[in-house]
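Worksheet: one structure, shown below.
Derivation of every value follows stated rules applied to the coordinates shown; laboratory data play no part. Since the structure is predicted, the reported quantities are computational estimates derived from the model, not experimental observations. All Cβ positions, glycine included, derive from the backbone under ideal geometry; neighbour counts span all protein chains shown.
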Amino acid sequence: MVVTGPRFVLFPKDLKVSKSMKQFMRHCDYEITVNKAFKSVISACAMAKREGQSGTWITNNMIEAYCKLHESGYAKSIEVWREKELVGGLYGVDLNKGVFCGESMFAKESNASKAAFITFIQNTDYKIIDCQVYTRHLESMGAKEISRDDFIKYLM
């Protein structure tokens, strides 16, 4: 992994969940699972339309490579189901040093990917979640920028 600048990260202890999201999660009928449909999650992430982007870096070759990482225990998926239909999720790489690098997420229903992210963070023992790049949404959930040098210390 090449780290060239500041990283946008979330320390799980700093997770902030809005009142409206807490209420949503108490009343939604989502089932959230881990590693039950990795290829389906990454494929859905590849198909997700993103504002300001005309394509995706998640090519068929990348899907194949990440599936191999998953089969080897280095990549994870978190799935959100409603009535046995996959409606949201995320995937990333487990560096086995207390660091999880989130790669992409998708939602077919409002709040589905947020529910996956929050549930994952609340049930993890990672020291740091690498969100990689800044988003206002992740900042509102407690993520912040750290220096390249500080990030590299977590990788050692």
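For the chain, compute Rh as the Kirkwood radius over C-alpha pairs and then the Stokes-Einstein diffusion coefficient at 20 °C and 1.002 mPa s; write the answer in µm²/s, rounded to an integer.
Roughly 134 µm²/s, to the nearest whole number.
What is the order of D149, D130, D14, fewest Cβ neighbours within 10 Å to most?
Final ranking by Cβ density, sparse to dense: D149, D14, D130.
What range in the chain is the longest one free of GluC sites (Glu not before Pro) that are in a loop by DSSP and have at most 12 other Cβ atoms within 10 angstrom?
Between the exposed loop sites, the longest stretch runs 84-156.
Which value, in debye to the nearest 20, describes the size of the charge dipole of the chain about its Cα centre when Lys and Arg Cβ atoms bear +1, Asp and Glu Cβ atoms bear -1, and nothing else is charged?
With only Lys, Arg, Asp and Glu charged at Cβ, the dipole is about 300 debye.
HN-Hα J couplings of the range 74-87 from phi, Karplus 6.51/-1.76/1.60, θ = phi - 60°, integer Hz, Gly and Pro as x?
Once rounded to whole Hz, the list reads 9, 10, 10, 10, 10, 10, 10, 10, 10, 6, 6, 9, 6, 10.
If neighbour count is taken as other Cβ atoms inside 10 Å, put T119, T135 in order from fewest to most.
T135, T119
Taking the Cβ of each residue in R26, R7, R82, R148 as the centre, tally the other Cβ atoms inside 10 Å and list the residues starting with the fewest.
R26, R148, R82, R7
Just to be sure I follow the definition: excluding the sites themselves, where is the longest run in the chain that has none of the chymotrypsin sites (Phe, Trp or Tyr not before Pro) in a DSSP loop with at most 15 other Cβ atoms within 10 Å? Don't skip to the answer; put the middle values down first.
Numbers: sites that count: W57, Y74, Y134.
Longest stretch, sites excluded: 75-133.
Mind scanning K39/K68; K39/K84; K16/K108; K19/K84; K13/K127; K19/K127 and naming the pairs with a C-alpha gap bigger than 20 Å? Numbers along the way, then the final one.
On the way: K39/K68 10 Å; K39/K84 16 Å; K16/K108 23 Å; K19/K84 27 Å; K13/K127 9 Å; K19/K127 25 Å.
Over 20 Å apart, Cα to Cα: K16/K108; K19/K84; K19/K127.
Classify the range 103-146: rounded, prolate or oblate, from the alpha-carbon gyration tensor (a ≥ b ≥ c, eigenvalue square roots; a/c under 1.5 rounded; otherwise prolate if a/b is larger than b/c)?
oblate
Quick one: which residues, 5+ away or cross-chain, put their amide H under 5 Å from the amide H of K108? H built at 1.01 Å from N.
Long-range HN contacts for K108: G88.
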